[in-house]
Amino acid sequence: MRLSGVFGPASGWPNQDLVTLSKEFDAGLVLESYSAGVFPMGLGGTWPVDIMGWWSPVHRGILPLDDVRVTRSLRKSARHFTTTVDAAFDRVLAGCADPRRSGGWIDERMAAVYEELFEAGCVHSIETWDASGRLVGGLYGVGVRGLFAGESMFHDPVRGRDASKVALLRLVEILASDGQERLLDVQWVTDHLATLGAVEVDRDDYLRLLSEALD
C-alpha cells in the first residue's frame, strides 16, 4: 500500500509531529507527501536505517513572504555575496548533509531521492558565493505548484556567517516576484529563522494554507 493511502484525513493523525513510519521511500512518494502536508525525515538514534519517519508538525513553521525581516546588518552583509539558482545543487546538498553538523539527517538514501527530484525539476537550490567565488552557503527545497518547502540550509561558519540567510532572501524574492500567493514552508521555526520573520501556525491552519497554495 502506498504511504499516502494510509495517511487518511488529518483529523485522524496523532497529536504529535511524527505522523507515521514506513520502509517505503521513493521520489514519487516524497512528492505525494508534500501535497498531503507531510514530509520525510530520518529518525536516527537506534532506529533501523531503512525506517523513514513522516512528519506533519502540530505547530508548523512558515515564512510569510510579506513579513520577512531584513536587518540593516544583514543588508550590509548581503552586499558581500552573490547568489545563483540551481547552479550547484550537488554541492549544496553535500553542505546540508555534512555529517559534522549537529542533528544531521540527510543520509545517502535521502540524498539520492532529492537528486532524482532535482533532475525532474521538482527540487531547487540557491547557492551563495563569496567575492572569491567560493560556495559559502545555500539551501534547497521542493516546489509543488504554489508551495515551496524548504528542506535544509547551510553556511560556512568562517567565510559565510550570513550566507544561508542571504540564500533565503533570494528565495523569498523569487517566490514573491510574480505577485501570486505562495506558501513558504520551513517545517519548524528555529531561532535562525525567527530572526527573518518565520512564525508557527497550527497544523489545521497550515493544511488550509497548503490547500490554497496547491490550487
FRET efficiency, 1/(1 + (r/R0)^6) with R0 25 Å, evaluated for Ile174 and Glu200 via beta carbons: 0.55
Interchain or long-range residues, amide H under 5 Å from Val19's placed H: Trp54, Trp55, Ser56
Separation in nanometres of the label points that stand 7 Å from Cα toward Cβ, at Trp47 and Val70: 3.7
Positive-end residue of Gly160, Val172, Ala112, charge dipole of region 93-201 with Cβ unit charges: Gly160
Heavy atoms of Trp105 accessible to a 1.4 Å probe, total area in Å² rounded to 10: 50
Amide H contacts under 5 Å for Ala87, placed H, 5+ residues apart: Glu127
Region 30-167 - charge dipole about Cα centre, Lys and Arg +1 at Cβ, Asp and Glu -1, debye rounded to 20: 880
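Given a 1.4 angstrom probe, I'd like the percentage of the accessible area of the chain that is carbon and sulfur, rounded to a whole number. Numbers along the way, then the final one.
Numbers: 5550 of 10980 Å².
After summing per-atom areas, the C and S share lands at 51 percent.
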Dipole of the chain, positive end: most advanced residue of Val136, Leu31, Ser77 [Cβ charges, Cα centre]: Ser77
Prolate/oblate/rounded call for region 71-140, Cα gyration tensor, a/c under 1.5 rounded: prolate
Check: region 58-109 dipole with +1 on Lys, Arg Cβ and -1 on Asp, Glu Cβ, in debye: 420
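Viscosity 1.306 mPa s, temperature 10 °C: Stokes-Einstein D of region 55-104 from its Kirkwood Cα radius, in µm² per second? The partial results should precede the final answer.
On the way: Rh = 14.6 Å.
For these conditions, the coefficient is 109 µm²/s.
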Accessible area per residue, Å², region 146-213 with all protein chains present, probe 1.4 Å: 48
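What's the local net charge at Leu65, with K and R +1, D and E -1, over the other residues with C-beta under 14 Å away? List each step's numbers first, then the result.
Values: positive: Arg69, Arg170, Arg182; negative: Asp66, Asp67, Glu173, Asp178, Glu181, Asp185, Glu212.
That works out to -4.
The values are calculated or read from the model by the stated rules, or taken from the named source; none is laboratory data. Since the structure is predicted, the reported quantities are computational estimates derived from the model, not experimental observations. Here Cβ is always computed from backbone atoms with ideal geometry, including for glycine, and neighbour counts include all displayed protein chains. Ligands, DNA and RNA are stripped out before the accessible areas are found, and what is left, the full protein with its side chains, is counted by its heavy atoms. Shrake-Rupley method; radii C 1.70, N 1.55, O 1.52, S 1.80 Å.
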